[in-house]
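The values are calculated or read from the model by the stated rules, or taken from the named source; none is laboratory data. Bear in mind that the values here come from a model prediction, so they are computed numbers and not experimental data. Glycine gets a Cβ as well: all are built from the backbone with ideal geometry, and neighbour counts include every protein chain shown. SASA here: full protein model, heavy atoms, side chains in, ligands and nucleic acids out. Shrake-Rupley method; radii C 1.70, N 1.55, O 1.52, S 1.80 Å.
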Amino acid sequence: SDPSEVVKITAARARIDATQALRLGYRLADARKEATAARGEADATGWPQVRAEAAVAEADVLTDLGEPREAQWLEAARLAFAARDDRLAAHALVGLTFDLSNDENKAERAFVVADVADGVVTRSGGDDRLRIELARYRGDALRIRGKYSEAQAAYKAAFDDAVRTLGPDAAGVLRIRLRLTDVHERLGQYAEARRIGEENLAATSAQLGAEHPTVGSQLNSLGNVALVEGDFDGAAGYYRRALAIFEKPRGPESVGTALVQRNLARVEMDSMHFAEAERLLLPSVASLTRIF
């Protein structure tokens, strides 16, 4: 009812919208700056609803950048519950599950959070996309704990559900197939991993564009398969293509860039190209040390 507060809330929401628009355009450095400004303006209003919206936007950006964001997702969930916004709370808890499920030291916690998130997703209306993402993240937690057969089964169930619910060309389907590439490789099923990966690479490029970060992730996974098969030239080709993609939206010092640099350095070391391996590893180690 206070006109001055309405003006502040409207301005904060405009920044939140700008943040999400920049994310969708993969202008992640700009999105991060906008998210920081949105959080400041939203927090200044003191209203839990818009504060929760800004916190979720900030955590989304950090997730896309591949940076640590557990604290941000927890804060977003807390604010969403304070605002009694089950949809935002579900989004935040699913995001937190992803964060935990991809850290070996936190994967067991991911299962606990996933159980809570499952209830909140249902309470908020049963969003199919969130439900399928949550199933994929359970698979991630199993994979990072070394339970590859169980992870494979979880991914396959999530994949079938996603195809049936979202359609075969949905982004969620493509991301699950990416994970299937990884888990087949971990199980030593290299031919199947490469087949799935190449099919998904073509589908992802056609659906999302050749420079989409998901394409970079698929190229990195295919590089891992080629590396364990001893195809060093093939692995190097995949990694270099992935590196070129990640450096654009995420920047040369991002986690994604650093991890692909590390993988490419492994190829160079196996190929006895030690100077090139060192050139790649030095910025990779510096980036990971700075972030973590």
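Overall, the chain carries a charge dipole of about 180 debye about its Cα centre when +1 sits on the Cβ of Lys and Arg and -1 on the Cβ of Asp and Glu, all other atoms neutral.
Other residues with beta-carbon under 13 Å from the beta-carbon of ARG186 carry, at +1 per Lys or Arg and -1 per Asp or Glu, a net charge of -1. Coupling constants for the stretch 60-77 follow from the phi torsions by the Karplus curve (6.51 cos²θ - 1.76 cosθ + 1.60, θ = phi - 60°), and in residue order they are 4, 5, 4, 5, 5, 7, x, 9, x, 8, 4, 4, 5, 5, 4, 5, 5, 5 Hz; glycine and proline get x. Amide H to amide H, with H built 1.01 Å from N, ASP231 comes under 5 Å of no residue 5 or more places away or on another chain. Of the solvent-accessible surface of the stretch 211-292, computed with a 1.4 Å probe and all protein chains present, 56% belongs to carbon and sulfur. Once the gyration tensor of the Cα atoms in the stretch 1-77 is diagonalised, the equivalent ellipsoid follows with semi-axes of 22, 14, 8 Å, ordered largest first. Which whole-number percent is the relative contact order of the chain (Cα, under 8 Å, 6+ apart)? Taking the mean separation of contacting Cα pairs over the length of the chain, I get 11 percent. How high is the FRET efficiency between ARG78 and GLU211 when r is their beta carbon distance and R₀ equals 51 Å, given to the nearest 0.05? The formula returns an efficiency of 0.90 here.
Here the stretch 1-136 exposes an accessible surface that is 53 percent carbon and sulfur, computed with a 1.4 Å probe and the other protein chains kept in place.
Ranking TRP47, TRP73 from most to least accessible surface, computed with a 1.4 Å probe over the protein chains only, gives TRP47, TRP73. Put a dot 7 Å past the Cα of ARG87, heading toward its Cβ, do the same for LEU166, and the two dots end up 1.8 nm apart.
The 3J(HN,Hα) values that the Karplus relation (6.51, -1.76, 1.60; θ = phi - 60°) gives for the stretch 128-140 are, in residue order, 4, 4, 5, 4, 6, 4, 4, 5, 5, 5, 4, x, 4 Hz. Gly and Pro appear as x.
Counting only the Cα atoms, the chain fills a convex hull of 124 Å³ per residue.
Converting phi to 3J(HN,Hα) with the Karplus coefficients 6.51, -1.76 and 1.60 and the offset θ = phi - 60°, the stretch 275-289 yields 5, 5, 4, 5, 4, 7, 6, 4, x, 5, 5, 4, 5, 5, 5 Hz in sequence order, with x at every glycine or proline. Full extension of the segment from GLN189 to GLU5, taken as 0.36 nm per residue of separation minus the current Cα-Cα distance, would add 60.4 nm.
Between LEU288 and LYS156, the simple spin-label model (points 7 angstrom out along Cα→Cβ) gives 3.2 nm.
Dividing the helix sum by the residues of the chain, where each DSSP H run of 4 or more adds -39500 (n - 2.57), gives a mean residue ellipticity at 222 nm of -27500 deg cm²/dmol. Accessible surface area normalised per residue over the stretch 65-163 is 44 Å², counting heavy atoms of protein chains with a 1.4 Å rolling probe. Percent of Cα pairs in the stretch 218-292 per distance bin of 10 Å, from zero to the largest separation: 23, 53, 23, 1. Here's the picture: charge each Lys and Arg Cβ at +1 and each Asp and Glu Cβ at -1 in the stretch 49-203, and of LEU178, TYR148, VAL61 the one pushed furthest to the positive end of that dipole is TYR148.
In the full protein context, the stretch 217-292 carries 47 Å² of accessible surface per residue, based on a 1.4 Å probe and ignoring ligands, DNA and RNA. Computing Rg and the Kirkwood Rh from the Cα coordinates of the stretch 83-190 gives a ratio, Rg/Rh, of 0.98.
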